Amino acid sequence: MRERVERTIKENSLFLAGQKVLVAVSGGADSLCLLHILHSMSESLDISLHVVHIHHGLRPEASAEAVSVKKEAIRLGLPITVRRVKVKKLQAQMGCSLQEAARRARYNVFSEIARLSGAVRVATAHHRDDRVETLLMRLLSGSGIDGLKGIPLRRTLEHGIEVVRPLYYLSRQEIENYCRTFKLSPLFDQSNMRPEYYRNRVRLHLLPYLEAEFGTHIRRALANTAENLAEDAALLNALSREAFSAVTESCSTDGICLDIIELNKLPQALQTRVIRQALWSAGAVRSGRRHVAQVLALAIHPSPSAQTVLPNGVLAARAYNRISLNRTLPKRDASVEVAEIHGSGLTYLPSFELWLKVEVRSVGELNLSQLSKNEACLDFKKITWPLLVRSREAGDRMQPLGAPGSRKVKKILADRKIPLKQREQIPLIISGHQPVWLGGVEIADFCKVTAQTDKVLYLKIEKE
């Protein structure tokens with residue numbers, strides 16, 4: 001097995017002689033195996049190792065695990081850095097899942113410690129089964145080829161630091177056998193058995209089912225599929241870069257301009273990639289397939305003048321044979337006050353003479369049937385921070401709970417027979433440029449509480 005890892009390292013030039021390598025060690029079987037294999041061949045590869053352990057602070061045993069990893073590094077005579085990160089605080093700031101917040105925190109720390117220690121490579125213990133699980137997770141979520149290619153053998157962080165995966169072609173079973181053979185004592189993370197985590201359900205339920213129904217070769221076959229898709233994605237990305245250069249007329253911090261005639265000459269797959277890149281360049285980092293379709297619709301629309309609003313405040317506007325994508329939305333009336341809310345707490349809204357209470361709660365703490373009209377519960381996972389609170393504006397739309405499509409906020413208020421004088425005193429709460437609650441009137445369907453919701457964002461309007 002060591003020979004296979006060495007071959008992976010040498011054939012792909014994962015390390016160069018004289019380099020310092022940061023080894024990410026959680027203490028589990030995968031990272032412990034990686035640490036011992038790299039330690040055993042560090043002299044022949046002419047590399048020096050520095051261990052890094054991330055203390056996420058999410059489980060009671062995390063501190064004991066950090067001590068265990070530190071003892072192992074000292075036993076091997078290796079320097080070690082243990083860094084604690086505040087994952088829950090980061091999650092609240094980013095509005096993402098706990099696992100995604102933890103992942104981003106890890107790579108930020110890897111990059112920082114690599115620079116401080118002089119390392120140019122960061123070795124992580126991702127292996128074949130991790131890649132297969134990622135492929136299935138992204139397939140089930142509707143990812144395109146760039147997502148389906150899964151975890152790469154190497155990736156570049158900022159400042160030219162590279163993350164490499166020496167165990168890339170090994171299976172989890174081979175890694176566990178290695179630990180038993182060399183009498184290693186890996187730590188066991190109990191959270192890996194919790195079915196509420198998406199990856200765990202794929203690992204514990206879906207993959208065993210596929211093996212039982214279609215044969216034990218299924219993991220190897222899926223890993224091969226991911227590698228084939230990675231090769232195709234690399235080709236498409238190269239073609240996309242060329243097409244992007246041909247279609248783009250200007251690109252700056254303020255926005256980007258596309259030539260519609262050149263765009264329409266491209267095959268649809270390349271059109272999609274070019275527009276996705278344009279959206280990213282213009283600042284619409286949360287764009288998806290429907291947003292690409294919105295821009296394509298402008299390109300084929302018979303009118304020489306049309307526009308559409310995209311995520312992150314990006315406006316796509318057509319003027320004859322050009323489409324511009326800019327962060328400069330039409331200016332809001334200066335008299336309209338907008339409150340920003342970045343987390344739980346009580347906020348006074350002077351425009352409405354109201355208080356807005358915001359709390360994150362477990363779904364089991366609340367009886368949804370007992371809520372008053374001045375209370376709302378939303379699926380926390382669907383919320384993007386900060387929340388914005390303002391009065392309604394012309395053109396505001398939302399999809400009311402249970403409704404088949406979006407409607408103008410003005411029409412919703414009219415249908416509810418709310419007097420004109422009261423309508424301007426109703427706060428509109430917005431998340432990620434989408435209304436989520438028309439205070440005391442209606443919540444948006446996309447962020448409703450469902451059977452899959454585990455945390456809710458509780459909102460309450462109070463006069464006192």
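Listing for the model above:
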quantity: Failed criterion for Gly313 (all others in (1) surrounded by fewer than 16 Cβ atoms within 10 Å (Cβ to Cβ); (2) in contact with an Asp or Glu (Cβ under 9 Å, 6 or more places away or on another chain); (3) small (Gly, Ala, Ser) hold); calculated: (2)
quantity: Filter result for Pro195 (surrounded by 12 or more Cβ atoms within 10 Å (Cβ to Cβ), in contact with a helix residue (DSSP H, G or I) (Cβ under 9 Å, 6 or more places away or on another chain) and not small (Gly, Ala, Ser)); calculated: no
quantity: One residue from Ser391, Ser406 being under 28 Å from the mean Cα position of the chain (by Cα) and of a type in the set (S, T, N, Q); calculated: Ser406
quantity: Cβ-Cβ under 7 Å pairs, at least 6 apart or on other chains, the stretch 12-36 side under 13 Å from Cys179 (Cβ atoms), far side part of a strand (DSSP E or B) and small (Gly, Ala, Ser); calculated: Ser31/Ala24; Leu34/Ala123
quantity: Given (1) aliphatic (A, V, I, L, M); (2) closer than 29 Å to Thr453 by Cβ; (3) surrounded by fewer than 16 Cβ atoms within 10 Å (Cβ to Cβ), number of the condition Leu116 does not satisfy; calculated: (2)
quantity: Any chance Asp415 is touching a strand residue (DSSP E or B) at 6+ places or on another chain (Cβ under 9 Å) and either under 30 Å from Tyr197 (Cα atoms) or crowded, with 20+ Cβ neighbours inside 10 Å (or both); calculated: no
quantity: Close pairs (8 angstrom Cβ cut-off, 6 or more residues apart or separate chains): of a type in the set (Phe, Trp, Tyr) in the stretch 310-337, modelled with pLDDT under 80 anywhere; calculated: Tyr320/Pro304; Tyr320/Ser305
quantity: Looking only at the stretch 205-230, and only at residues there that are of a type in the set (Ser, Thr, Tyr) and closer than 14 Å to Leu136 by Cβ, the one that is surrounded by the fewest Cβ atoms within 10 Å (Cβ to Cβ); calculated: Tyr209
quantity: Qualifying residue in the stretch 205-215 (condition: in the same structural domain as Glu72 (by TED's automatic domain parsing), outside any helix (DSSP H, G or I) and over 26 Å from the mean Cα position of the chain (by Cα)); calculated: yes
quantity: Failed item in (1) free of Cβ contacts under 8 Å to residues at least 60 places away in the same chain; (2) farther than 25 Å from Val21 by Cα, with Val163 passing the rest; calculated: (2)
quantity: Which numbered condition Glu365 fails, given (1) exposed (fewer than 15 other Cβ atoms within 10 Å of the Cβ); (2) touching a residue at least 60 places away in the same chain (Cβ under 8 Å); (3) acidic (Asp, Glu); calculated: (2)
quantity: Neighbours by Cβ (under 8 Å, 6+ apart or cross-chain): first from the stretch 171-198, over 17 Å from Met137 (Cβ atoms); second small (Gly, Ala, Ser) and part of a helix (DSSP H, G or I); calculated: Ile175/Ala29; Glu176/Ala29; Cys179/Ala29; Leu184/Ala29; Pro186/Ala29; Leu187/Ser68
quantity: Matching residues in the stretch 84-137 - criterion: being basic (Lys, Arg) and either in contact (Cβ under 8 Å) with a residue 40 or more places away in the chain or more than 29 Å from Ala226 (Cα to Cα) (or both); calculated: Arg84, Lys86, Lys88, Lys89, Arg106, Arg115, Arg121, Arg128, Arg131
quantity: Number of positions in the stretch 131-165 that are hydrophobic (A, V, I, L, M, F, W, C) and assigned to a loop (DSSP other than H, G, I, E, B); calculated: 4
quantity: Contacts under 7 angstrom Cβ, first residue in the stretch 202-214 being free of Cβ contacts under 8 Å to residues at least 40 places away in the same chain, partner hydrophobic (A, V, I, L, M, F, W, C), 6 or more apart; calculated: Leu210/Ile218; Glu211/Ile218
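The rows are residues; the columns are (1) closer than 30 Å to Leu45 by Cβ; (2) among the hydrophobic types (A, V, I, L, M, F, W, C).
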| position | (1), (2) |
| --- | --- |
| Lys71 | yes, no |
| Val82 | yes, yes |
| Gly95 | no, no |
| Gln99 | no, no |
| Arg115 | yes, no |
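The values are calculated or read from the model by the stated rules, or taken from the named source; none is laboratory data. Keep in mind that what you see is a predicted model, and the values were worked out from it rather than measured. As a convention, Cβ positions derive from the backbone with ideal geometry for all residues, glycine included, and neighbour counts pool all protein chains shown.
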